[in-house]
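Notes follow once the structure below has been shown.
Each reported figure results from applying straightforward, stated rules to the coordinates on display, with no laboratory input. All values reported here derive from a predicted model rather than from experimental measurement. Here Cβ is always computed from backbone atoms with ideal geometry, including for glycine, and neighbour counts include all displayed protein chains.
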């Protein structure tokens, strides 16, 4: 740098001296003064050069620095613009396929500034034309009040808002609000629950996951339920049809994945529309699938048989005497479909013999039975992600007679979701998997082993034969290899059972050669019709519901209809003597 | 010549100043455009939320069933109507030994050809030629002969 500066100085010096050497035309006379002025000018010039030089050096240094530095942290203008995310107060709820079940939408609430209104009558009349459900006197009073702010109506539809805007009255103004919308209306209402006007969850999943749904950091992450809305509709539709046909007081149904415990559909009737909770009573809000506990009758025989087979108490070849009703202390145990003969074990199951099952339970023993039901989680409330979960009812003092009645599903009341969970365990190879309403990403979950896989296989054969040869024939959806068990229980009343008031149910699983889903249907006090020859039992009322649900849902769930391998059941089928004529 | 250099420099300076100004305005315009697009995206996202909700309202299964009953003659499928594997579909176009380049093959004139056709039939493939195409091919053959 110094070298450069001196060379520059020299060159300027040189040039200056050259000019000086030449006879300067402007300083002929006073050469001295001229010389002085020249040297002054030269030194000034030198300063100027130095200044320029310095600044160029600075610029060079800066250039080099920039060259070595990291890319600029400051981004161009266009990158500074961010799209502000859509804000809403509560996370969505979607089904397993991402279909929206509950979402928050922006709505507007109408308020007015009455001081800005000139013609109250005109404004009132025009507003009433658009919003006819407002009371005219009320609106007039509000608009004439002379206050600065009055609410007129909360949560207008977009169309109403547009029309109010079109009135062109500046006193009418809108406040942004959010509304919880359930696009599917009544469908899955008991699972979803509902919210109050301020968006607090009051029932169902909305209540159970209230904190998670309101959590600011997770609002953009919807809750994914295990429900499949298409299957849900198939179930609700069929239950509703059956409920109407049999004039039942209520109905409940459930579809569950046996390998993951996911509840694919859950319906309880009568139901409600969560979009409009006005006038909805406790009866509609009651979730029969989880909160309701019922004596479910013969479906419980499955557990008795599984326990007995798992403890090697019985085998297919054993026989039980069902010739006459069984007397235990002051009770009589009778059969609904009496055969009045000695029955083989598969026959006891297929013909749903209470007498035979009670004897099996006695052979099994009270302790084993109790332990087995505890293992299946039938003696404690289900862990389902709902707050409306009912606790099972069973005798505190488990006597011999309790053992016998519980073996065929009387004297113990459990919720349908517990039963479905238990049956899932029976058919999936013996793994107990807690029921859940949250979507799981895997389609296989390891569970606690309750029964041996070989026992599960035997139970599957029995369930299938109860449909092909026994009481559940109406559930046989051709091609889908349905297995299942009917259940008909009389309702308990003060001082005994009411023979007329039944809880008819059917629990089915399909396809039986590789079970994937459990389907449950229950009707509360159904009445027999001409089509059912006056019967109101589970095999006549609930089994067709299960059949129809399977026919409708199986293609959606990816279960393909194939011809059945009869060989799977051949050995057991041989032990069931008189096939029912259908 | 030297006198023009400052003029030129001034001109260049002016021009570049004007260009920078121009650029600044252009950037401002662009950035305001970007902002308005961002605003639009935000509005659209809100609209999409509403539309999604509306879509799921309008395609709720009960609604679809109602429409289907009213406008379509569709029924729930029977299990016999569901084909488990594509192998059982009766006729399948086998591309490899299909239509030879010579269109004459399709004509059933010679004694050899019907046998070929029969062979295909036995595989479950039915060849159908519309009358129009048949006529065309015949015509072409005639033209070829005439030439």
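Listing for the model above:
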quantity	calculated
Degrees, to the nearest 10: A:229-245 long Cα axis against longest axis of chain A	30 degrees
Cα→Cβ-extended label distance, 7 Å offset, between residue A:438 and residue A:501, nm	3.9 nm
Two-decimal ratio, chain A, of alpha-carbon radius of gyration to 2.2 N^0.38 Å	1.67
Cα-only Debye scattering, the range A:203-312: base-10 log of I(q)/I(0) at q = 0.19 Å⁻¹	-1.20
Calculated over the range A:93-225: convex hull of Cα atoms, volume per residue (Å³)	132 Å³
Nearest 10 degrees, 0 to 90: helix A:538-557 Cα axis against chain A principal axis	30 degrees
Exposure proxy ranking, count of Cβ atoms within 10 Å, fewest first, for A:229, A:33	A:33, A:229
FRET E, pair residue A:148, residue B:25, Förster distance 45 Å, beta-carbon r, rounded to 0.05	0.50
For the range A:233-573, diffusion coefficient by Stokes-Einstein and Kirkwood Rh (Cα), 4 °C, 1.567 mPa s, µm²/s	66 µm²/s
Mean residue ellipticity (222 nm) of chain A, computed from DSSP H runs ≥ 4 via -39,500 (n - 2.57), nearest 500	-11500 deg cm²/dmol
Contour minus Cα-Cα distance for residue A:97 and residue A:41 (0.36 nm per residue)	11.4 nm
Rough spin-label spacing in nm, given labels placed 7 Å along Cα→Cβ, for residue B:74 and residue A:249	4.0 nm
Whether the range A:338-484 is rounded, prolate or oblate, judged on the alpha carbon gyration tensor where a/c under 1.5 counts as rounded	oblate
0 to 90° range, to nearest 10: angle between helix A:453-468 axis and chain A longest Cα axis	70 degrees
The range A:292-363 and the range B:1-68: distance between their alpha carbon centers, rounded to Å	77 Å
Residue B:54 paired with residue B:42, simple spin-label distance in nm, labels 7 Å along Cα-to-beta-carbon	2.2 nm
Cβ-based exposure ranking for A:373, A:227, B:15, in which fewest neighbours within 10 Å come first	B:15, A:373, A:227
Sorted by Cβ neighbour density within 10 Å, fewest at the top, the residues A:378, B:72, A:127, A:46	B:72, A:46, A:378, A:127
DSSP beta bridge pairing in the range A:93-225, given as percent antiparallel to the nearest 5	90 percent
Cα gyration tensor shape for the range B:1-96, rounded if a/c is under 1.5, else prolate or oblate	oblate
The range A:378-429 and the range A:98-129: distance between their alpha carbon centers, rounded to Å	52 Å
Highest to lowest packing among A:357-366, A:183-192, A:328-337, scored as the average C-beta count within 10 Å	A:183-192, A:357-366, A:328-337
Centre separation in Å (Cα based) which lies between the range A:524-580 and the range A:152-182	53 Å
Expected-Rg normalisation [2.2 N^0.38 Å, Cα atoms] applied to the range A:455-582	1.10
